[in-house]
Amino acid sequence: MNQEIPISDTEGTEVGGEFPSLLDPAPSAADLATWQREAREHLRRAMERMTRIAKQVTPQRQGLRTHLANLQLAHDYLENLDDGPDDGRTPSKSLTLALKQRQEIARTVRDRRMSHGLSVQALAQRVGLSEGTIKNLESPRKPITRTTLLRLAAVAELGFQFDDLLFDQPTGDLTEPMNCFIAPGFDPVKMVIELGEKLNSAGGVVEQTNVYLDHQSAAAYLKLANQPEYVAAFRDPVPMTKIAEVILNSTGRAGLDVIALGSGDAREEVRLVQHLISKSRLPDLRLYLLDVSQPLLLTGFIHAAETLADQYGVAYFAMQGNFHHLPRYTQLNYTPTRSHRRRVATIFGGTMANLEQEGQFFRHSLSGLAAGDIAVVYAQIAVASPHQPDVISRLEPALQRPISAAYKNWLTDPIYRHCKEVTDVELHLELNTTCPMPGSYALEAIATVKLTGRRQKVFSMHRWRKYDPQLLADHLLTMGWELLAQLPCGSAPKNQASVLVLRKKNG
């Protein structure tokens, strides 16, 4: 018996056709083509209605989505029936997905498979895919087809949902998601204007971040920080493997948000992320690069993108802002115990040594971090107690050699660019033993600016602190941060720095 199945579209028209009985004679090729077209149209209309229902009826959403996946598989199979042998497999083009979407799919498939106690082989057999396809899904370097996702979504008990990709995907190419944020209230143009006003004043202290602001200053800093001798002394010796081990031992299997404060070119931060990945069986990691300098931030973000783009389970973002205002940045403020994540604030390079009040920075600027979150602090080691200035003057390496040309260019070029009537700038280092952090002293870069008419003025352009690591750890403990590990950078007697891995205490 033939049966008419009318389905009305939104305009009130009907799509119908005569479906044959199994007792009818063998159909002609023309009949088959007509039936395939009509069946696809029926399926399309049914999916349209079910999608509308699924959006309105929340309790039934999962069951409807499962049936939708099956209908979509049938529709796609009929659409491609003439493209190849009838082997039960549906040809399908790869979806155009951003890396973050592929990473999320990979994490979802892996987590759901493991929660059901399924091996890769068992999951492949259950959904009718090859083991290789499942492995590719769990490593987001490979393209993903809609058919693959549909086969997963069609098995109700597995609970896969790829709604936006399968049923609400917009036409056209998808682009990479937003990956850069401008912090609330951040105004770099105003900061450059204020730098000019300061350098045209009678003298004084130039705030640390000003020497990174414009593109020329950023380029000069990058040249300095990537000189072979600087890299060998201060960057390469940082013990990333041990740092990663301490972090993972403390945070367990929680997802990690690495917040790189004053990230610069992000070389150290990206290296740490690579070590965390290599030691995590199932990485779930986000890297936030935070810097006041747009050119430095872009340089670091490009390096992170080039290095981590193919790393499974890792997302990375750039945030232009002032790390002193960290509690204001809602992107980084959440409740870790509810989100099953931990934050790791990294303070590499000269960032710690540039702070005016280290203890207050940990108490106030890091107040948004919760108990159990981690701070990784790079600290250069003092050669003697600040109570022994004569010994420091004799032993401190920076005071025993001339200031390098790269160092001079970095700190004096802003003066030439922004200060009026300047004719010459002389730069020297001075020792300051009256720092607030116990056991520390500072080396200050003092610029004597000569002006027309034999006038001159003096600016403190930059400062580096050096510490007694144990006294630093003891002081930070009073700020609510307990020491997990103190790791030397390099081997004695050339060890010039240590890394402190700290954990925020309860209360």
| remark: For the E197, R253 Cβ pair and Förster radius 45 Å, calculated FRET efficiency rounded to 0.05 is 0.30
| Using 7 Å Cα-to-Cβ label points, what is the R328/A29 separation (nm, one decimal)? | 7.2
| Where in region 181-290 are there trypsin sites (Lys or Arg not before Pro) that are in a DSSP coil and have at most 12 other Cβ atoms within 10 angstrom of their Cβ? | R253, R281
| Backbone HN-Hα couplings from phi across region 401-413 [Karplus 6.51/-1.76/1.60, Hz, Gly and Pro as x] | 9, x, 6, 5, 5, 5, 5, 4, 4, 4, 8, 9, 4
| request: With a cut-off of 19 Å, note down the residues of region 455-498 whose backbone N falls inside the zone around a label point 7 Å from the Cα of D424 toward its beta carbon. | output: 455-459
| request: For V189 and H340, compute 0.36 nm times the residue count separating them, minus their Cα-Cα distance, and round to one decimal in nm. | output: 50.5 nm
| Taking amide hydrogens as modeled 1.01 Å from N in the peptide plane, which residues meet the under 5 Å criterion relative to Q456, leaving out close sequence neighbours? | L451
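Over region 181-507, what lengths in whole Å, largest first, do the semi-axes of the equivalent ellipsoid take, defined as the square roots of 5 times the eigenvalues of the alpha-carbon gyration tensor?
Values: eigenvalues 218, 106, 68 Å².
Equivalent ellipsoid semi-axes, largest first: 33, 23, 18 Å.
Among 481-491, 465-475, what's the highest-first ranking by average C-beta atoms within 10 angstrom per residue?
The densest-packed peptide leads the list: 465-475, 481-491.
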| remark: Along region 109-114, Karplus-curve 3J(HN,Hα) (6.51, -1.76, 1.60; θ = phi - 60°) to the nearest Hz, with x for Gly and Pro, reads 4, 4, 5, 5, 4, 5
| task | Just rank Y316, Y378, fewest to most, by other beta-carbon atoms within 10 angstrom. | result | Y378, Y316
| said: Can you compute the FRET efficiency between L431 and V205 using 1/(1 + (r/R0)^6), with r the Cβ-Cβ distance and R0 = 22 Å? Round to the nearest 0.05. | reply: 0.85
| task | Would you mind telling me the antiparallel percentage of the DSSP bridges in region 181-507, rounded to 5? | result | 55
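Could you give the length gained by full extension between R455 and S278, i.e. 0.36 nm per residue of separation minus their alpha carbon distance, to one decimal place?
Extra length from R455 to S278 when fully extended: 57.9 nm.
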| said: I need the shape label for region 361-445. Rule: rounded when a/c is under 1.5, else prolate if a/b > b/c, else oblate, with a, b, c from the alpha carbon gyration tensor. | reply: oblate
| task | Amide H neighbours of M319 under 5 Å, at least 5 residues apart or on other chains, H built in the peptide plane: list them. | result | F181, L289, L290, D291
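Give, in nm to one decimal, the length gained when the segment between R401 and I381 is fully stretched (0.36 nm per residue of separation minus the Cα-Cα distance).
Length gained between R401 and I381: 5.4 nm.
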| query | Once you put a point 7 Å from the Cα of A305 and another 7 Å from the Cα of L471, both along the Cβ direction, what distance in nm separates them? | reply | 4.5
| query | Do any of K135/K504; K466/K505; K223/K279; K142/K223; K420/K466 go past 28 Å between their Cα atoms, and which? | reply | K135/K504; K223/K279; K142/K223; K420/K466
| Using modelled backbone amide H atoms (1.01 Å from N, in-plane), which distant-in-sequence or interchain residues come within less than 5 Å of R286's amide H? | L256, D257, V258, A315
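No value in this document is a laboratory result; all are computed from the given coordinates. Every value quoted in this text rests on a predicted model; they were computed, and no experiment measured them. So basically every Cβ, Gly included, is an ideal-geometry build from the backbone, and we count neighbours across all protein chains shown.
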